Amino acid sequence: MIDYVKMNESHVPAVAQLEALCFSEPWSENSVASELKNPLSLWLVAVADGQVVGYVGSQTVLGEADMMNLAVVPQYRRRGIAEGLVQSLISALKEREAVSLALEVRVSNEPAIALYQKMGFHQVGRRPGYYRKPKEDALILRKEW
Ligand code: COA
C-alpha cells in the first residue's frame, strides 16, 4: 500500500538521499527543505511501510507548473509509483487551478520518457547541452488539461 502525501520536514532527509542516489547534480538537503517555505512549490512523497520510496517536486507560476524532480527508490521501481506520484501531483495542481505541467528530461533517459509518454506528455522543445555531468540535451515535455 502506497500513500501519496505532501512532503513535510520529516521527509526531507530521505528525499535528499534519494536525490543524491539518482542524480549527478543533486539538490542538497537545504535546497529541498527550502521548498517547504516556497509558496510556489508543491512536493509530494510516496510512502510505503513508513519509508519514503519516491518523490516529485514542482513549482507553479501563473497557472503553469514545472516538474523539477522525480525519483523512485530502485527496489520499488516498475510498480506504478512514479505514475502515482505524477497523477497525484496533477490532481493537486488542478485544485490549485494550474492548467499545465512541463518538465525537462535527458534525451537518453528512456524509462522516464516512456513514463511521460504513457501519461500523455508531448514534446514541445529541446534544449541543446542543457545538462552537465555528462553534458546532454534536454527534451522539454508538457501536458495540458
Ligand atoms: N523501461 C521502460 N519503460 C519504463 C521504465 C523502464 N525502465 N520505467 C518506467 N517505464 C514506463 C512504463 O511505461 C511504465 O508503465 P508499465 O509498467 O505499465 O509498462 C510507466 O513508465 C510507469 O512506470 P512506474 O512504475 O510508475 O515508474 P517507476 O516508479 O519505476 O519510476 C522513474 C520511473 C523514471 C521515476 C525511475 O526509473 C527513476 O527514479 N529513475 C531515476 C531518476 C529519474 O530518471 N527521474 C526522472 C528525471 S526527468
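The values are calculated or read from the model by the stated rules, or taken from the named source; none is laboratory data. The model shown is predicted, which means the values in this text are computed figures rather than measured ones. Note that each Cβ is placed from the backbone with ideal geometry, even for glycine, and that neighbours are counted across all protein chains shown. Note: areas computed on protein heavy atoms with side chains; ligands, DNA, RNA excluded. Shrake-Rupley method; radii C 1.70, N 1.55, O 1.52, S 1.80 Å.
Yes or no, residue by residue, for (1) at pLDDT 95 or above; (2) among the polar types (S, T, N, Q); (3) in contact with a Cys (Cβ under 9 Å, 6 or more places away or on another chain):
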| residue | (1), (2), (3) |
| --- | --- |
| L36 | yes, no, no |
| A46 | yes, no, no |
| V72 | yes, no, yes |
| E83 | yes, no, no |
| V86 | yes, no, no |
| S91 | yes, yes, no |
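Suppose we filter W43, W27 for residues that are open to solvent by 70 Å² or more (accessible area, probe 1.4 Å) and among the hydrophobic types (A, V, I, L, M, F, W, C); which single one remains? Before you say what the answer is, go through the steps one by one.
Values: W43 fails: open to solvent by 70 Å² or more (accessible area, probe 1.4 Å).
The unique qualifying residue is W27.
With the requirement that a residue be at pLDDT 95 or above and in a loop (DSSP other than H, G, I, E, B), what does segment 1-34 give you?
Of segment 1-34, the ones at pLDDT 95 or above are 2-34.
Scanning segment 1-34 gives I2, M7, N8, F23, S24, E25, P26, W27, S28.
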query = Looking at segment 79-92, which of the residues that are crowded, with 17+ Cβ neighbours inside 10 Å and within 12 Å of the ligand (Cβ to nearest atom) is nearest to M67 (Cα to Cα)?
reply = V86
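Only one residue in V61, V53 is closer than 16 Å to A14 by Cα and either modelled with pLDDT of 95 or more or hydrophobic (A, V, I, L, M, F, W, C) (or both). Which one? So that I can check it myself, show each step before the final result.
Details: V61 fails: closer than 16 Å to A14 by Cα.
Among V61, V53, only V53 is closer than 16 Å to A14 by Cα and either modelled with pLDDT of 95 or more or hydrophobic (A, V, I, L, M, F, W, C) (or both).
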task = Sort out which residues of segment 93-106 are touching a Lys or Arg at 6+ places or on another chain (Cβ under 8 Å) and more than 8 Å from the ligand (Cβ to nearest atom), and write them in order of number.
result = S100, L101, A102
Check on G129, assigned to a strand (DSSP E or B), without any contact (Cβ under 8 Å) to a residue 12 or more places away in the chain and within 20 Å of P26 (Cα to Cα) = yes
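Residues are listed down the side, and each one gets a yes or a no for (1) within 20 Å of W145 (Cα to Cα); (2) in a loop (DSSP other than H, G, I, E, B); (3) in contact (Cβ under 8 Å) with a residue 40 or more places away in the chain:
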position: Q75; (1), (2), (3): no, no, no
position: A82; (1), (2), (3): yes, no, no
position: I90; (1), (2), (3): yes, no, yes
position: K94; (1), (2), (3): yes, no, yes
position: L101; (1), (2), (3): yes, no, yes
position: S108; (1), (2), (3): no, yes, no
position: P111; (1), (2), (3): no, no, no
position: V124; (1), (2), (3): yes, no, no
task = Residue by residue through segment 46-73, note down the ones that are surrounded by 14 or more Cβ atoms within 10 Å (Cβ to Cβ) and either charged (D, E, K, R) or not in a strand (DSSP E or B) (or both).
result = E64, D66, V73
ask   = Applying the selection to segment 69-78, what residues are more than 6 Å from the ligand (Cβ to nearest atom) and over 14 Å from the mean Cα position of the chain (by Cα)?
value = P74, Q75, Y76
ask   = From the set of residues in segment 93-145 that are in contact with a Leu (Cβ under 6 Å, 6 or more places away or on another chain) and open to solvent by less than 30 Å² (accessible area, probe 1.4 Å), which is nearest to G63 (Cα to Cα)?
value = L103
message = Based on this model, can you work out whether L40 counts as more than 19 Å from E19 (Cβ to Cβ), in contact (Cβ under 8 Å) with a residue 24 or more places away in the chain and touching a strand residue (DSSP E or B) at 6+ places or on another chain (Cβ under 6 Å)?
response = no
